[in-house]
Amino acid sequence: MVNFDKVTFEYIRRDEEGNVESINKALNEIDLDVKKGDFIAILGANGSGKSTLARHINALLTPTEGTVFIEEMDTKEEDNLLKIRQKTGMVFQNPDNQIIAGIVEEDVGFGPENIGVPTKEIWERVAFALEKVGMTAYREKSPNNLSGGQKQRVAIAGILAMKPECIVLDEPTAMLDPKGRREVIETITELNKKEGITIILITHYMTEVVGADKVYVMSEGNVKLSGTPREIFKEVELLKEYKLDVPQVTEIAYRLRKEGIPLPECILTVDEFMQCVRR
Amino acid sequence: MLRDITIGQYYPVESVIHRLDPRTKFLGTIMFVVSLFLFKSFWGFLLAGAFLVTVTTLAHIPPKYILKGLRPMLFLLLFMMIFTLLMTPGEVIGEWWIFTVTKEGIFAALFMGLRLAFLVFGSSLMTYTTTPNKLTSGMESCFGFLKIFKVPVHELAMMVSIALRFIPILLEETNKIMKAQQARGADFESGGPVKRAKAMVPILIPLFVSSFRRAGELAEAMEARCYHGGDGRTKMKPLKYHLRDLIAYLALIGLIVGCIFIP
């Protein structure tokens, strides 16, 4: 589905005469292979290159070196652009800055309008998408009156209406309260399970990646760790080095283990922890 | 205070006026504005006023809500009225220092004030009853003929609708910035007009910066959703004239004819 082949991306800063002032390597020979239907999480602290990586999947950025393939389509080819963007939708961090219309349903219809879907089908798609994110009741409301989590769900519906095969979410919960965060994560988990949509979740909240199939940890433009959440959270020391926090329970369990209390390696949820402690 | 600016915001209720074709409402607003300048007597205002009252009632919008939207216009309105009052020559009623008030002046000022108030009231009725997106497509098709002259009609219409969508967001942001500056001791309320205007600078600069950032993010989000200008775009809500639009046009023509022939 999504394939990165030795992708390097440099932000080049130029002075007024156009001479290169500094080069900032945001991505450094990244290899990535995402299968259809996967739930992938990409973790990283600020400036780790994770947002740059996300923008490559949607062809908003194209690699300086290497190639990104979306289902065999090279993102560098101008002709593939609309097809790629339709296949891999993108949800951004700030819910306000990605809603274009003043009415929920019109915003959800914006994407299909752009790719030339016939009117009747747009309505079907909008109804379907709003239903999937549980926002049907708000279809005629103004987005300004919605909570952050609801706005983000509308944004997801806007992508969903384009019938994507993959949704990339670039820190979709960073500006939300805990309730909104839960709403968004629940919505995307369900889309992945029920609709088989590939999810690429970019975040720095460790608790959100517990449900992922595979986790990549990025730091300074490189993928430093990859594996299942369980494998990743084992590396408490390493994660701290990359300025990431493990979930609270995992941290407690890790510390108790270090003190010699016999707990299994890597506990992810509170329930798990309770079971182990009772034993 | 900034929250009170309701001008140009959609008021979501169900009504005949809301269901009218945006082209009807757009052209209708222009026709209404034209009609306001066709009459010279008090009776004309009665007719135009009756028209506004009818439309507002049909649109199920509380008049208070619209009047509140007019409040920011009040200053401009008074300013222009006072000017007209003092500048119109004619039969002198009173004199004070360098000011003279004439009978003609009083009437001219009154008429001017009413005209302007009606004008703003009428055009805000359009934006209250039409979603920005519909308004965009309405204006787009009304000005569609300009495409021959290479005017980017679609792009302009899109810009207008986005501007409208962001008004409340930017207002909220302005409030936040004001509070943040006040928390650090900024004073917006005291001093003369010059001092107060200067005090606005620390609000405007962050607002500008953040607007540009927003614009960048929005453009990115639109691009990510396959936006590529007006070519090959379909419409979720294509425009279609109905019987009610015909009736509306007839009523508007009636208004114009009435305004021409009124004594």
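A short reminder: the numbers here are calculations on the coordinates, not readings from a lab. Because the structure is predicted, anything quoted here is derived from the model rather than measured. Neighbour counts are summed over all protein chains in view; Cβ atoms, including those assigned to glycine, are modelled from backbone coordinates with ideal geometry.
General observations
- Over segment A:2-228, relative contact order from alpha-carbon pairs under 8 Å, at least 6 apart, %: 28 percent
- Among B:M236, B:M126, B:M31, residue whose mean-square fluctuation peaks in a GNM of chain B (springs only between Cα atoms under 10 Å): B:M236
- Antiparallel %, DSSP beta bridges [both residues in the protein assembly as shown], to 5: 60 percent
- Estimated purely from DSSP H runs of n ≥ 4, each contributing -39500 (n - 2.57), the mean residue ellipticity at 222 nm for chain B is -22500 deg cm²/dmol once divided by its residues.
- Ranked B:H18, A:H56, criterion: other C-beta atoms within 10 Å, fewest first: B:H18, A:H56
- On the basis of the beta-carbon distance and an R0 of 41 Å, A:D5 and A:V277 show a calculated FRET efficiency of 0.35.
- Restricting the chymotrypsin sites (Phe, Trp or Tyr not before Pro) of segment B:182-234 to loop positions (DSSP other than H, G, I, E, B) with no more than 10 neighbouring Cβ atoms within 10 Å leaves nothing.
- Applying the Kirkwood pairwise sum to the alpha-carbon positions of segment A:4-86 produces a hydrodynamic radius of 13.9 angstrom.
- Part-to-part distance (alpha-carbon centres) for segment A:33-83 and segment B:17-94, which is given in Å: 55 Å
- When the listed pairs A:K36/A:K224; A:K35/A:K193; A:K50/A:K194; A:K194/B:K235; A:K141/B:K134 are checked against a 21 Å cut-off, the alpha-carbon distance exceeds it for A:K36/A:K224; A:K50/A:K194; A:K194/B:K235.
- Lysine-lysine proximity count for segment B:139-215, Cα under 26 Å, sequence distance 8 or more or distinct chains: 4
- Note on the protein assembly as shown: along the principal axes its Cα atoms extend 101, 60, 56 Å, ordered by decreasing extent.
- Averaging the Cα positions of each part gives two centres, and for segment A:149-211 and segment B:149-207 these lie 32 Å apart.
- Contact order for segment B:143-232, expressed relative to its length and based on alpha carbon pairs under 8 Å spaced 6+ residues apart, stands at 30 percent.
- Binning the C-alpha pair distances of chain A at 5 Å intervals from 0 yields a P(r) profile of 1, 6, 12, 15, 17, 15, 13, 10, 7, 4, 2, 1, 0, 0 %, listed from the shortest bin outward.
- Top of A:I84, A:I57, A:I202 by mean-square fluctuation, Gaussian network on chain A, Cα under 10 Å: A:I84
- For segment A:2-228, the residue among A:T88, A:T207, A:L60 whose Cα projects farthest onto the positive side of the dipole built from Cβ charges is A:T207.
- Neighbouring Cβ atoms from other chains, within 10 Å of the Cβ of residues in A:74-84, number 1 on average.
- At most 15 other Cβ within 10 Å, DSSP loop - GluC sites (Glu not before Pro), segment B:182-255: B:E189
- Fully extending the segment from B:E91 to B:M73 would add 3.5 nm, taking 0.36 nm per residue of separation and subtracting the current Cα-Cα distance.
- Taking the Cα centre of segment A:2-228 as reference, the dipole from Cβ charges on Lys and Arg (+1) and Asp and Glu (-1) amounts to some 760 debye.
- Rounded to 5, the percent of DSSP beta bridges in chain A classed as antiparallel: 55 percent
- The 3J(HN,Hα) values that the Karplus relation (6.51, -1.76, 1.60; θ = phi - 60°) gives for segment B:248-263 are, in residue order, 4, 4, 4, 4, 5, 4, x, 4, 5, 4, x, 5, 6, 8, 5, x Hz. Gly and Pro appear as x.
- Between B:S211, B:S15, B:S190, the residue with the greatest mean-square fluctuation in the GNM of chain B (Cα pairs under 10 Å linked by springs) is B:S190.
- For chain A, calculated [θ]222 nm from helices alone, where every DSSP H run of n ≥ 4 adds -39500 (n - 2.57): -10500 deg cm²/dmol
- FRET efficiency, 1/(1 + (r/R0)^6) with R0 25 Å, evaluated for B:K195 and A:N144 via beta carbons: 0.15
- GluC sites (Glu not before Pro) within segment B:36-120, DSSP loop, no more than 16 other Cβ atoms inside 10 Å: B:E91
- Per residue of peptide B:128-136, the mean number of Cβ atoms on other chains within 10 Å of the residue Cβ is 3.
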